[in-house]
Amino acid sequence: MIKRALFAAAAAFALTSPTPPVQAQGLSFDAYVQLMMAKARAEGVSESTLQRMTSGLTPNDRVIRLDRGQPGTPTRTGYPALAPYINTHVNPTRIRRGKDMYNATRLIRQRVEQQYGVPSEILMAIWGHETNYGGFKGNFDLSRSLATLAWEGRRRELFESEWIALMKVADKGYSRSQLVGSWAGAFGNPQFLPSVYLRLATDGDGDGRADIFNNRADTLASIARYFQDSGWRSGQPWGVRASVPDNLDRRAIENKIVAPVCPRVHERHSQWKTVREWRNLGVQPQKYLADDVMASFFQPDGPGKPAWLLTSNYRVILEYNCSNYYAMSVGLLADEIAN
C-alpha cells in the first residue's frame, strides 16, 4: 500500500470506471504469476521464497467477487447518519477490551508514546478497529489474494506491486502459513499492506524482528511510526466536542477547496480557522484547545446534533482509512479508553 487514503481513492475511482477488468492482456493466471515472479526476481527476491509462495497457486474467485461487490461512491442524496455507526463501533465491549489492553501494555505503550509522540489511546483504538485487538486478523492466503487481484486487472499496478512487496516480506523468513490476512492483502494486528510493512513496520522490543502478527511492542511501535510518518502533532488532540450557536452562518464557513484525495470525505469539513476565530463565531470547544490551533468544524448529522472542532491530527487518522465514520469512531474510542 501507499497511504491507505490513496488506496481507498484508487478503489473508489476503479469502482466508478466503466471499463471492465482485463485479465493480464489475455494471459492465463499461471502465465501472469510467472511474469510477476520474474519481476520479483529482478528486485532481489530469492528463488526459494518465490517457489514456496507460489506452489499450487490458483485464482480465488471469492476475492474477485468481494472486490467487485464493494459499494461505490455515495450519491449526492445525503450521507448515512454518524450516530448509529458510532453506537455500533464504539460499544461497551470494544471500550472494555481497549481499557484492558491499555492496562496490560502500560510499560510498552508508555515507551512507544514517548518515542513517537502518538497517544497510547489512539494506538489502542486503531488496533481495536482493525483486528479487535488481534482477535481476528483475516485468514486469506495473501499470495493468492494479491496475485488474483493483480491478474483480474482492475487495479493491476497497485496489486502487482503489493504482491512483489509481499514476496520481499516473505524473504525475511515468514512462512506462507503466517502470511494470511484480509482478502485485499492487509495483514497483522494493524492490517498493513506489504509495502507499508516494508516501509514502516518497526521492531518495538529490540529483538531484531518487526512482528506485527503477535508481538504487542512491535504492533504499537509500527502504528505509532505510521502516525508519526503521516504528520501527527504531539500534544494536540484529534478534535473536541463543540457547542454551536443557533445563528451560525454555515454557508460562510463552507469549504470551497476540492481535496485531491477522498474529496467526498473532506467536503464535509468546514474551512480551516483558528480556535480564536471559531470562538468569535460563537463555536466553543468543550475542552481546552489553544487559541492559535487550526481547526475545522464538523457537524455530521446536521444542526442540533453533536459537533466537533477537528485538528490536523484528525487528518492523520484519515490517512489510515479515509472515512469520516472510521476516523470519528477511532477518535471517540480513544477518548473512551483514556477516560
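The values are calculated or read from the model by the stated rules, or taken from the named source; none is laboratory data. In this text, all values refer to a predicted model and were calculated from it rather than measured experimentally. All Cβ positions, even for glycine, are placed from backbone atoms using ideal geometry, and neighbour counts span all protein chains on display.
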Restricted to region 301-339 and to residues being among the polar types (S, T, N, Q) and in a helix (DSSP H, G or I), the residue farthest from Ala252 (Cα to Cα) is Ser329
| Just a yes or no: is a residue in region 280-300 in a strand (DSSP E or B), surrounded by fewer than 19 Cβ atoms within 10 Å (Cβ to Cβ) and either among the aromatic types (Phe, Trp, Tyr) or under 23 Å from the mean Cα position of the chain (by Cα) (or both)? | no
Looking at the structure I just gave you, is Ala290 free of Cβ contacts under 8 Å to residues at least 40 places away in the same chain, closer than 30 Å to Phe187 by Cβ and of a type in the set (A, V, I, L, M)? no
task = Report yes if some residue within region 258-265 is outside any strand (DSSP E or B) and under 16 Å from Leu310 (Cα atoms); otherwise report no.
result = yes
Residue set Leu166, Leu158; condition of a type outside the set (D, E, K, R), over 23 Å from Arg209 (Cα atoms) and touching a residue at least 12 places away in the same chain (Cβ under 8 Å); output residue Leu158
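Yes or no, residue by residue, for (1) farther than 26 Å from Ala165 by Cα; (2) out of contact with any Cys (no Cβ under 8 Å at 6 or more places or on another chain); (3) crowded, with 19+ Cβ neighbours inside 10 Å:
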| residue | (1), (2), (3) |
| --- | --- |
| Asp61 | no, yes, no |
| Arg65 | no, yes, no |
| Gly78 | yes, yes, no |
| Ala83 | yes, yes, no |
| Ala104 | yes, yes, no |
| Glu130 | no, yes, yes |
| Leu142 | no, yes, yes |
Counting only helices (runs of 4 or more DSSP H) entirely within region 1-62, those with at least 1 residues that are closer than 19 Å to Phe187 by Cβ and either of a type in the set (Lys, Arg) or at pLDDT below 50 (or both) are 4-16, 47-54
Expected single match for in contact with a strand residue (DSSP E or B) (Cβ under 7 Å, 6 or more places away or on another chain) and part of a loop (DSSP other than H, G, I, E, B) among Arg241, Arg233, Arg268 is Arg268
Task: Check on Asn255, among the polar types (S, T, N, Q) and within 28 Å of Ile223 (Cβ to Cβ) - done: no
Among the residues of region 179-190, is there at least one that is part of a helix (DSSP H, G or I) and within 20 Å of the chain's Cα centre (by Cα)?
no
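Every residue, every condition in (1) under 22 Å from Phe140 (Cα atoms); (2) in the same structural domain as Ser48 (by TED's automatic domain parsing), yes or no:
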position: Lys168; (1), (2): yes, yes
position: Trp183; (1), (2): yes, yes
position: Phe192; (1), (2): yes, yes
position: Leu198; (1), (2): yes, yes
position: Phe213; (1), (2): yes, yes
position: Arg225; (1), (2): no, yes
position: Asp246; (1), (2): no, no
position: Arg251; (1), (2): no, no
position: Val261; (1), (2): no, no
